[in-house]
Amino acid sequence: MFPRIQSIDALEILDSRGNPTVRVNLRLDDGTVATASVPSGASTGEHEAVELRDGDKKRYGGKGVLQAVANVNDLIAPALIGQDPRRQAQIDLLMIELDGTPNKAKLGANAILGVSQAVARAAAQASGLPLYAYLGGAGAVHIPVPMMNVLNGGKHADSGMDFQEFMIFPLGAPNFAEALRFGAETFHALKKILAERGYATSVGDEGGFAPQVKSNDEACELIVAAIEAAGFRPGKDIAIALDLAASSFYENGKYRLTRSGQGDKSASEMTALLRQWVEKYPIVSIEDGLAENDWEGFREHTAVLGGKIQIVGDDNLVTNTKFIARAIEEKSCNAALIKLNQIGTVTETVAAIHLCRKAGWGYVISHRSGETEDSFMADFAVAMGGGQIKTGSACRSERIAKYNRLLEIERELGKAAVFGR
Ligand code: PGA
Ligand code: ZN
């Protein structure tokens, strides 16, 4: 008989920003032990599943997760003991029902997701399969192209950029190991250029540099210069991807580009600005170019830009089939960012991806700005076969852990591995 869940216990650990998060340890009755840790965002979407925080100001400024930990230990564990860990969908549904709210507000998406991921990992281990093969089956051979966030702005760094993420996207690399090398070499070239121009080379939450550049344009120019200095061809070997996280500078119906001094813009003006950028720089993907509730703006945005580049929805879609279905219907994006903790279970995340696939949309498996050393999402990206992952720059171990895991998977797959978007 396949082993059953024997015990589940959680503990409070710290994420890469030094804030508490949940780790779950799950044991099967054959001695298999699996662990999973949950990440945490800063520029979160309004409709994300609830990340349960204690609110006790005496501990971690209210950010403790002892209640979420207790929910795993006292409420979820007793309900799951004796279950077959391969029954992921039933187990996830059981937790959703136990929670009973539409957004996991009672137990916490951080509690539920930790268990959901630990269940998948335990089932994989007990099946004698690597996680990507267990979750993705025989077709899990597709290694994603990394979007590497080399300049951090917005809520992720106190830098000169209004826009949150300027990413290099090594689409022209022949395999993942080379893509990572392209990215890392460009990252180092960028560091040198920044130092030469008198800018700071300290890094933000996702490992990208956070200089006090004078404009958002300058950030793109610096990246193009770094790609060339590293010996690569902009647009051919390495393209640019952006995440504006525009909700973070949207106020009273205006997009306020205050850090860069570019003034206030309407949705149409933002789209026009990005259209110019797409002509000027080798940009192939733009995420959250507008604010999360600007559905009307997004329709125009996608009509204008969507024929040329990938328009990724993050804060507006929150890995939720309800919002993705609306965006497919309204043609408000043509791709989705996928974050397991936005929705809170493995099963619901897979459903979001299936919906994207059915619509012919792209999808990008993503980390959060607050991460841990857990590399679950690297295996998950290969299992889901979408060909794109974003998990930070070429430094900070919580980012590198995912890249290193992809290197391992690529080597393990050998000639069977397929790389590319
Ligand atoms: P977050 O940032 O984890 O702070 O939400 C990542 C993103 O916006 O894509
Ligand atoms: Zn985003």
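The numbers here are math on the coordinates, done by the rules we state, and not lab data. Keep in mind that what you see is a predicted model, and the values were worked out from it rather than measured. Because the Cβ atoms are built from the backbone with ideal geometry, glycine has one as well, and the counts that use them run over all protein chains shown.
Cα convex hull of segment 137-419: how many Å³ per residue?
Cα convex hull per residue, to the nearest whole number: 114 Å³.
As a footprinting exposure proxy, order LEU14, LEU273, LEU171 by other Cβ within 10 Å, with the fewest listed first.
Least to most surrounded, the residues fall as LEU14, LEU273, LEU171.
So which of LYS254/LYS390; LYS322/LYS358; LYS106/LYS390 end up more than 25 Å apart, counting from Cα to Cα?
Violating the 25 Å Cα-Cα cut-off are LYS254/LYS390; LYS106/LYS390.
So how strong a dipole does the chain carry about its Cα centre when Lys and Arg Cβ are +1 and Asp and Glu Cβ are -1, to the nearest 20 debye?
Taking the Cα centre of the chain as origin, the dipole is about 440 debye.
In degrees between 0 and 90, to the nearest 10, how far off the longest principal axis of the chain does helix 397-413 point, with axes built from Cα atoms?
80 degrees
First check a/c for segment 238-339, with a ≥ b ≥ c the square roots of the eigenvalues of its C-alpha gyration tensor; if it is under 1.5, answer rounded, and if not, answer prolate when a/b is larger than b/c or oblate otherwise.
Because a/c hits 1.5 or more and a/b fails to exceed b/c, segment 238-339 counts as oblate.
For segment 5-128, I need the span (max minus min coordinate) of the C-alpha atoms along each principal axis, in Å, sorted largest to smallest.
41, 28, 25
Could you tell me the center-to-center distance, by alpha carbons, between segment 169-189 and segment 322-378 in angstrom?
Centre-to-centre (Cα) distance: 24 Å.
For HIS188, HIS142, HIS301, what's the fewest-to-most ordering of other Cβ within 10 Å of each Cβ?
HIS188, HIS142, HIS301
Do the sum for the chain: with -39,500 (n - 2.57) for every DSSP H run of n ≥ 4, divided by all residues, what is the mean residue ellipticity at 222 nm, to the nearest 500 deg cm²/dmol?
Calculated at 222 nm, the ellipticity per residue is -11500 deg cm²/dmol.
If one takes the longest principal axis of the Cα atoms in the chain, at what angle in degrees, from 0 to 90 and to the nearest 10, does the Cα axis of helix 176-196 lie?
50 degrees
Enumerate the amide H contacts of GLN388 below 5 Å, restricted to partners 5 or more residues apart or on another chain; note that Pro and chain-start residues carry no placed amide H.
For GLN388, the qualifying residues are VAL145, ILE365.
As I understand it, the dipole of segment 5-128 uses +1 on the Cβ of Lys and Arg and -1 on the Cβ of Asp and Glu, about the Cα centre. Which of SER16, ALA126, ILE5 lies farthest toward its positive end?
Working it through, the farthest residue towards the positive pole turns out to be SER16.
Using +1 on the beta carbon of Lys and Arg, -1 on that of Asp and Glu, and nothing else charged, what's the dipole of segment 36-194 about the Cα centre, debye to 20?
360 debye
Given Cα pairs under 8 Å that are at least 6 residues apart, what percent is the relative contact order of the chain?
20 percent
By count of other Cβ within 10 Å, fewest leading, how are TYR250, TYR132 ordered?
TYR250, TYR132
Any idea which of GLY45, VAL115, SER268 is furthest toward the positive side of the dipole for the chain, if Lys and Arg beta-carbons carry +1 and Asp and Glu beta-carbons -1?
Toward the positive end, the furthest listed residue is VAL115.
Treating the angle as unsigned and between 0 and 90°, give the value, to the nearest 10°, between the Cα long axis of helix 321-330 and the longest Cα principal axis of the chain.
40 degrees
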